[in-house]
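**Student:** So that we are looking at the same thing, I have put the structure below in structure tokens.
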Amino acid sequence: MKSSEQSLGLGLPDQAPHKAEQPVAGGGGRLRHLRGDLVGGFTSAVAGIPIAMGYGMLALSPLGADFISYGVLAGLYAVICGGIVAVLLGANTTMIYGPRSIVTYMTAALVLHTFVQSNVVYIQQASPTTILTLLFFLTFLAGIFQVLFGFIGLGGIARYIPAPVMAGFQNAAAALIFSSQLGYLFGVNNPLALSQIDAYIGSIQPVTLAIGVFTCIVILKGARITRRIPPTLLGLFAGIALYYLFYVADLGMEIGPTIGTVPFAIPGPHYFPAFFELLGDIAAREVMPSLLSGALSLAIIASLDGLLCARLVETDSGHKVSGKGELIRLGAGNMVSAAFGGIANGINLAASFANHRSGGRTSNSILINAATVIMGVLVLPPVIAYIPRVIIAAMLTVVAIQLVDRWTLQLLIKFVRGKLSAGMLIDLLVIMVVTTVAIAVNIVIAVLLGVIAAITFFIFRMSRSVIRRSYYCDAVHSRKAREERWMTLLTTRGRNILVIELEGALFFGTADNLAQFVDQVIADGTVYVILDLRRVNEIDSTGARILLQMHDMMTRNGCHLLLAGLKDRTRIEHFLHEMGVTAAVTRNKVFEDADHALEWAEDHLILSEEGGKVNPGEFPFQQLEVFAGFSSSEVGVVTDMLEKCSYETEEAVFREGDTGKELFIIASGSASVYLRLPGAERATRLITFTAGTIFGEVALLDDEVRSATVEADSPLVCYVLRQHAFETLSMEQPMITVKLLRNLGRVLSGRLRRANRTIYQLAS
């Protein structure tokens with residue numbers, strides 16, 4: 001079962017992690033698993049030594065063939081120093097530390113641009129020993145940066161590098177690692193750029209190329225051939241066997257060279273004193289800015305890669321990993337590795353998985369891995385000398401193939417098929433820019449441009465619109481039920497009221513677009529603009545200032561700005577208060593939700609249309625919709641059966657769950673219907689009834705308990721038709737009862753139609 005990280009590339013091995021196991025406790029548990037640690041540490045070392053050698057050769061390859069032996073040792077020293085330092089600093093895991101593809105590519109790119117192609121006189125005149133000192137000092141500085149990341153908690157910053165930037169960097173690494181090995185695959189004794197292939201067509205050694213391709217195929221298909229031998233090791237042995245088969249056969253065809261003599265050396269911190277000499281060298285100061293910038297870039301990439309790999313190994317082994325502690329261990333390991341003449345470290349996934357699956361369960365396996373590599377450094381140089389270069393090139397070619405970002409391939413396939421969305425097209429563009437710049441110019445510049453491009457496109461995406469939707473209130477009304485002529489007025493004049501629902505961030509990139517939209521609707525005749533801020537998660541100072549400017553403009557034009565969705569003591573409300581927005585708009589135009597803001601706008605619109613006088617005293621019965629078509633005598637018959645009831649502000653007319661069979665007609669005041677929310681001591685307002693409206697008719701007709709609570713918003717006067725009176729009316733005046741029921745049906749039908757229009761308006 002492949003993990004999601006593997007599906008996106010990240011230079012992972014051809015083996016996926018198994019189901020996580022519980023970590024082993026210390027003490028007796030460590031000794032109990034000593035045999036498994038021995039097997040796991042030894043197996044992972046044998047599988048990792050060839051790759052470590054290849055990575056070391058790759059890191060120093062821009063310096064030329066004379067540095068191959070230094071590269072072999074640099075890769076092996078990285079494994080030794082990284083593992084031992086990690087255990088000394090408290091690593092409680094089975095992770096194997098060693099060079100990583102992306103980190104090694106970064107090192108090679110820095111070597112190329114900082115040293116080989118440098119215009120600095122000091123570097124141009126430097127001896128090979130000085131060049132190596134500068135290279136390892138750059139690694140030493142990167143380790144210092146990683147330790148600082150860990151101590152001050154900045155390790156998480158590396159995780160915020162956008163995914164398209166990392167994908168582009170990864171693809172560039174794959175392309176350049178692949179191209180850097182073409183010369184050795186073709187039998188040419190030096191790295192070969194893609195642009196040089198035509199010139200070297202005649203120099204290609206077919207046998208050497210065949211051995212390289214064969215080795216690649218065995219490594220890629222090794223897991224299907226056998227599970228007993230790691231694919232990398234299987235490919236190494238098979239490739240060497242084929243190489244020497246051709247060598248013994250002596251078919252008269254050219255065959256590529258071997259690695260050659262690797263000097264015997266006892267590992268030691270030989271470069272550490274040289275670092276201090278370098279700091280004291282006045283002439284070297286002109287190269288220090290380049291070293292610092294390169295080290296910082298290497299530290300960021302190595303930290304991100306290390307954290308991702310640690311997470312994968314944690315999934316496989318079950319050992320919990322501290323991001324802070326891991327960065328400190330990686331950084332310290334790189335510092336020590338540089339002092340010994342080693343390249344930068346990461347977490348070797350293939351070796352880590354091999355260690356755990358072979359029985360490694362404690363950090364003892366890391367020490368055994370390091371001890372095995374030390375033995376290899378002391379014993380294997382004569383053997384390493386006979387390893388064909390084409391075999392190492394083939395192993396690194398497989399690394400390049402596995403390093404290609406799978407997400408990029410998916411985007412390219414969708415692009416070819418014409419199924420790529422605009423957002424994904426932008427991601428693909430960033431990937432291509434980073435990849436191209438990293439290959440053609442400089443990796444540091446590529447990462448910087450990629451981050452800038454990603455941020456720019458992010459702002460562009462965020463700046464499109466903060467408006468979720470907007471709707472006029474000719475079809476959508478507040479939850480306040482009114483007499484029919486007022487509802488008709490709101491339907492005909494409702495386009496004077498506009499609700500704008502906002503979402504996301506109201507900042508310098510989106511607020512100006514909102515202001516332009518409001519300017520346009522005001523010019524089209526809108527008088528009341530309600531901004532629903534319920535879904536706004538961030539407002540910056542620019543957004544707040546534009547709200548102030550918007551309010552000033554509307555006030556000058558005789559219009560009203562209302563703010564909704566602001567609850568007391570929330571972060572957004574506090575910020576708008578600090579910026580003076582709520583004070584300018586005034587508290588009577590700031591509401592907890594859009595419905596109350598809409599109700600205020602409707603009341604204000606009705607008052608402006610009615611000249612400020614709206615039904616003083618009790619509502620006349622003859623104008624009630626429920627009495628439409630009644631004669632004066634018929635109205636009198638019904639009113640004689642009504643009982644007058646008065647309620648104080650916030651007094652309950654009835655409560656949810658009560659038994660009751662009464663119809664209420666509001667003569668003056670208003671009442672709101674509330675529904676209790678499950679699991680909380682709070683309720684939500686469903687609707688508000690005003691003078692001239694009725695409520696309670698459903699319970700009168702279906703004999704069920706009350707489905708909600710009704711409370712008086714202000715001193716309330718109601719006329720109540722109780723069930724016994726209704727039954728008397730039905731028996732004595734059946735024709736009047738039929739008219740009453742028909743009108744009740746018309747009221748209910750009107751409410752349902754308005755609800756349908758509201759739902760349609762909001763849904764569309």
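The values are calculated or read from the model by the stated rules, or taken from the named source; none is laboratory data. Keep in mind it's a predicted model, so treat the numbers as computed, not measured. Neighbour counts are summed over all protein chains in view; Cβ atoms, including those assigned to glycine, are modelled from backbone coordinates with ideal geometry. Note: areas computed on protein heavy atoms with side chains; ligands, DNA, RNA excluded. Shrake-Rupley method; radii C 1.70, N 1.55, O 1.52, S 1.80 Å.
**Student:** Taking Rh as the Kirkwood radius computed over C-alpha pairs, what is the Stokes-Einstein D of the range 342-419 at 20 °C in a medium of viscosity 1.002 mPa s, expressed in µm² per second?
**Tutor:** D, rounded to a whole number, is 132 µm²/s.
**Student:** Turning to a different aspect of this structure: Over all directions, how big on average is the projection of the convex hull of the alpha-carbon atoms in the chain, in square nanometres?
**Tutor:** 46.8
**Student:** So if each residue of separation counts as 0.36 nm, and I subtract the Cα-Cα distance between GLU277 and LEU412, what length gain in nm does that give?
**Tutor:** 43.5 nm
**Student:** What is the percent carbon and sulfur in the accessible area of the chain, measuring with a 1.4 Å probe over the protein chains and ignoring ligands?
**Tutor:** 60
**Student:** What order do you get for 79-86, 627-634, 651-658, 299-306 when each peptide is scored by the mean count of other beta carbon atoms within 10 Å, highest first?
**Tutor:** In decreasing order of mean packing, 79-86, 627-634, 651-658, 299-306 become 79-86, 299-306, 651-658, 627-634.
**Student:** Applying 1/(1 + (r/R0)^6) with R0 = 60 Å to the Cβ-Cβ distance of ARG571 and ASP250, what FRET efficiency is obtained, to the nearest 0.05?
**Tutor:** 0.15
**Student:** Considering only C-alpha atoms, what is the centroid distance from the range 499-530 to the range 385-459, in Å?
**Tutor:** Using only Cα atoms to place each centre, the spacing works out to 40 Å.
**Student:** I've got another one for you. If one takes the longest principal axis of the Cα atoms in the chain, at what angle in degrees, from 0 to 90 and to the nearest 10, does the Cα axis of helix 206-225 lie?
**Tutor:** 50
**Student:** Between the alpha-carbon centers of the range 224-244 and the range 714-757, tell me the distance in whole angstrom.
**Tutor:** If we compute the Cα centre of each part, the gap is 90 Å.
**Student:** Hey, another quick one. In degrees between 0 and 90, to the nearest 10, how far off the longest principal axis of the chain does helix 323-340 point, with axes built from Cα atoms?
**Tutor:** 20
**Student:** Run the helix sum for the chain: -39,500 (n - 2.57) per DSSP H stretch of 4+ residues, divided by residue count, reported at 222 nm to the nearest 500 deg cm²/dmol.
**Tutor:** -18000 deg cm²/dmol
**Student:** P(r) tail for the range 81-189, what percent of Cα pairs lie past 17 Å?
**Tutor:** Summing the P(r) of the range 81-189 above 17 Å gives 71 percent of all pairs.
**Student:** Taking only C-alpha pairs under 8 Å that are 6+ residues apart, what is the relative contact order of the chain in percent?
**Tutor:** 16
**Student:** Can you give the Rg/Rh ratio of the range 85-147, where Rg is from the C-alpha atoms and Rh is the Kirkwood radius?
**Tutor:** 1.09
**Student:** Shifting gears a bit: On average, how much accessible surface per residue is there in the chain, in Å², for a 1.4 Å probe, leaving out ligands, DNA and RNA?
**Tutor:** Result: 45 Å² of accessible area for each residue.
**Student:** Given the options PRO620, ASN537, LEU110, identify the residue whose Cα lies farthest towards the positive end of the charge dipole of the chain (+1 on Cβ of Lys, Arg; -1 on Cβ of Asp, Glu).
**Tutor:** The residue sitting farthest along the positive end of the dipole is LEU110.
**Student:** A further question follows. Take peptides 131-138, 87-94 and line them up by average Cβ neighbours within 10 Å, highest first, as a rough protection proxy.
**Tutor:** Going by the mean number of other Cβ atoms within 10 Å, highest first, we get 131-138, 87-94.
**Student:** Which value, in nm² and rounded to one decimal, describes the direction-averaged projected area of the C-alpha convex hull of the range 275-427?
**Tutor:** Its Cα hull, projected and averaged over all orientations, spans 14.8 nm².
**Student:** How big is the range 495-629 by the Kirkwood estimate over distinct Cα pairs, in Å?
**Tutor:** The answer is 16.1 Å.
**Student:** Taking R0 as 60 Å, what's the FRET efficiency between LEU741 and LYS324 from their Cβ-Cβ distance, rounded to 0.05?
**Tutor:** 0.20
**Student:** By how many degrees, 0 to 90 and rounded to 10, does the Cα axis of helix 484-493 deviate from the longest principal axis of the chain?
**Tutor:** 40
**Student:** Using the structure shown, list the pairs from LYS661/LYS739; LYS567/LYS644; LYS324/LYS414; LYS567/LYS661 with a Cα-Cα distance above 27 Å, or answer none.
**Tutor:** Flagged as over cut-off: LYS567/LYS644; LYS324/LYS414; LYS567/LYS661.
**Student:** Sticking with this one: Which net charge results when you count Lys and Arg as +1 and Asp and Glu as -1 among the other residues whose beta-carbon is under 13 Å from that of ARG545?
**Tutor:** Net charge in that neighbourhood comes out at -4.
**Student:** Across the Cα atoms of the range 579-661, what radius of gyration and what greatest pairwise Cα-Cα distance (Dmax) are found, in Å?
**Tutor:** When restricted to Cα atoms, the range 579-661 yields Rg and Dmax of 19.4, 62 Å.
**Student:** How large is the direction-averaged shadow of the alpha-carbon convex hull of the range 213-302, in nm²?
**Tutor:** Mean projected area for the range 213-302: 11.5 nm², to one decimal.
**Student:** May I ask for the equivalent-ellipsoid semi-axes of the range 29-106, computed as the square root of five times each C-alpha gyration tensor eigenvalue and listed largest first in whole Å?
**Tutor:** Semi-axes, largest first: 28, 13, 9 Å.
**Student:** For a Förster distance of 25 Å, can you work out the FRET efficiency between the beta-carbons of SER749 and GLU503, rounded to the nearest 0.05?
**Tutor:** The computed FRET efficiency comes out at 0.10.
**Student:** Ranking request for peptides 742-750, 401-409: highest mean number of other beta-carbon atoms within 10 Å first, then the rest in descending order.
**Tutor:** 401-409, 742-750
**Student:** Using 17 Å as the cut-off for backbone N distance, which residues of the range 46-75 belong to the label zone defined by a point 7 Å from the Cα of THR261 along Cα→Cβ?
**Tutor:** Counting only backbone N, you get 65-73.
**Student:** For the range 643-753, what is the Kirkwood hydrodynamic radius in Å, using each pair of distinct C-alpha atoms?
**Tutor:** With all distinct Cα pairs of the range 643-753 included, I get 14.7 Å.
**Student:** Continuing with this model, one more query. If the cut-off is a Cα-Cα distance under 17 Å, which aspartates and glutamates reach LYS221, setting aside same-chain residues fewer than 8 apart in sequence?
**Tutor:** Within the straight-line limit of under 17 Å, LYS221 reaches these aspartates and glutamates: ASP14.
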